[in-house]
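To start, the structure under review is shown below, and the notes come after it.
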Amino acid sequence: MSYGQFFIISAPSGAGKTTLAKRLINDMENTVLAVSHTTRQVRPGEQEGVDYFFIDRECFEDMVAAGEFLEYAEVFGNLYGTSKGEVDRLRQAGKNVLLDIDWQGARKVRRQIPDVKSIFVLPPSREELEKRLRARGQDSDAVISSRMREAEDEMSHRGEYNYIVVNDDLDRALEDLKSIICGRIDEVRPATIDI
C-alpha cells in the first residue's frame, strides 16, 4: 500500500470550508479528516476519536513537552493540537489526510512536513462572505464585524498556500478539491476576485 498524501485546508469563517471538507471526505473514501486532540469537554453527540481525542490538560502538556504535536493552540481556554503520530498512522495506512487549520497552524505544519500540500478556500467576494455570515442568523452585527476583520486577516495569507479554491459554486469548488487530491492539476483557478 502506498503512503497517503497530506493536505491542509484553511479558509475564513463563512467561506464554506467545513461543508466542502465533509462532502470531499464523503465522496472520496480514501480521504480522511485528521482528528485533533483537545482539552475541552465533550459536547452532546460528540464521539471520542471521531470528533476529537478528548484528554486532560496535564496529558496534553506532556504531549507538547514530548514534541508529539505538529501544531497546537489555545482557544478560549482550551488546548487543541494535531498529533504527528495520528497523521503518520493514517498516511502509513494509505489514507490521504486532510487537516482543517488556520494559517498560523499551517505555517507550523509546513515547517515540519515538507511534502504537505496546502489549500486555501476563498469566498467569491467580501460582500458574499458577509451575506453568508448574516444568513446563519447566529451573530450580532458586532460579532459579524469582528468575523469580517478576522476574515480579512486570514485571507491576507492566501499567497502562502499551494492552491486557491474559490467557493462561488459548491459543486465546482468540490470538483476543484477532488482534482487537487487526485493530483490531476498543478493549480486551481487563480484568485482574481477582489478580496
**Request:** Answer yes if at least one residue in the range 13-28 is at pLDDT 95 or above, in contact with a strand residue (DSSP E or B) (Cβ under 9 Å, 6 or more places away or on another chain) and part of a loop (DSSP other than H, G, I, E, B), and no otherwise.
**Result:** yes
**Request:** Among the candidates ILE8, ILE55, single out the residue that is surrounded by 13 or more Cβ atoms within 10 Å (Cβ to Cβ), within 19 Å of the chain's Cα centre (by Cα) and at pLDDT 95 or above.
**Result:** ILE8
**Fill in**
Here the residues within the range 30-77 that are touching a Leu at 6+ places or on another chain (Cβ under 6 Å), part of a loop (DSSP other than H, G, I, E, B) and of a type outside the set (Gly, Ala, Ser) are THR39
**Asked** If we keep just the residues of the range 14-37 that are surrounded by fewer than 20 Cβ atoms within 10 Å (Cβ to Cβ) and of a type in the set (Ser, Thr, Tyr), which is nearest to LEU170 (Cα to Cα)?
**Response** THR19
**Asked** Is it true that ASN96 is on the phi < 0 side of the Ramachandran plot, modelled with pLDDT of 90 or more and out of contact with any Phe, Trp or Tyr (no Cβ under 9 Å at 6 or more places or on another chain)?
**Response** no
**Prompt:** What do you reckon, is GLU71 under 14 Å from the mean Cα position of the chain (by Cα) and either under 21 Å from LEU90 (Cβ atoms) or acidic (Asp, Glu) (or both)?
**Reply:** yes
**Prompt:** Is at least one residue of the range 142-149 out of contact with any Phe, Trp or Tyr (no Cβ under 8 Å at 6 or more places or on another chain) and at pLDDT 95 or above?
**Reply:** no
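The values are calculated or read from the model by the stated rules, or taken from the named source; none is laboratory data. Worth saying up front: this structure is predicted, and the values here are computed from it rather than measured. Here the Cβ is made from the backbone with ideal geometry for all residues, glycine too, and neighbour counts use every protein chain on show.
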